Amino acid sequence: IGLSLWVVGVRFHILISFNRLIAIAFPFKSQQYATAGTTSAAIAIALSLSFLQCAPLVIVDDLWFCYNKKSMQWIFSPNKIGRYYEANFNYLPITIEFGIVLLLDIITLIYLRLAHSNTVQSTSSASSKAVEIRLFKQAFSQSVPILITFTFFAFATPLVEGAFAHFMTTTFMWHFAHGIDGFIIDLFHTRLDLFVK
């Protein structure tokens, strides 16, 4: 379940980045594309792909993913099928998906820069651009913990020795990224006036 939540979380980051790009690059057409039906379909596809990606862990004999308290890490089965699944069904798709998120965010940033430098905005247009920029800041802020986690998984973990160091560069970073991701959503969307009397 933990792995499937991580996988679907990465997929949702792609959807959020794509939605933001459409809203900023094509503001007048974005409402035409971002309907309840298309949003529901995109979420259903992301959930289905995540389920299909993680289904072999339940179906295939001798393939599993669990927490090893001795090594303090989440591990795949230490056999040929486990190593194959880890490399090709876990790391490769997540690496590609994270690259897509970065690419979409870079394109969005370019659109924001072009819109800012090429147009003189009215007050209402300026306020809508401020909202778009705030959403971009949120998305970028949410991408940073994922980038750090990915960097630790791919580059730091192979270099460290000892169970605790491996725990810090894998399990801790994974859970830390999830926590920070939720915290960032709270920071950007909590109405502080609800807490002030």
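Every number here is computed from the coordinates shown, using simple stated rules; none is lab data. What you see is a predicted model, and the numbers here were worked out from it, not measured in a lab. Cβ atoms come from the backbone with ideal geometry, glycine included; neighbour counts cover every protein chain shown.
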Checklist entry - Most mobile of R11, R20, R83 per a Gaussian network model of the chain (Cα springs, under 10 Å)? => result R83
Checklist entry - What order do you get for L52, L147, L21 when you list them from fewest to most C-beta neighbours inside 10 Å? => result L52, L147, L21
Next on the checklist: Using only the alpha-carbon atoms, how far is helix 92-118 inclined from the longest principal axis of the chain? Give it as 0 to 90 degrees, nearest 10.
Outcome noted: 20 degrees
Checklist entry - Helix 123-151 versus the longest principal axis of the chain: what is the Cα-based angle in degrees, 0 to 90, to the nearest 10? => result 10 degrees
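Do you know the relative contact order of segment 2-194, to the nearest whole percent, from alpha carbon pairs under 8 angstrom that are 6+ apart?
That works out to 24 percent.
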Next on the checklist: If I fit a long axis through the Cα atoms of helix 36-54 and take the longest principal axis of the Cα atoms of the chain, what angle between them do I get, 0 to 90°, rounded to 10?
Outcome noted: 20 degrees
Next on the checklist: As an exercise, use a Förster radius of 25 Å and the Cβ-Cβ distance of K29 and L92 to find the FRET efficiency, rounded to the nearest 0.05.
Outcome noted: 0.15
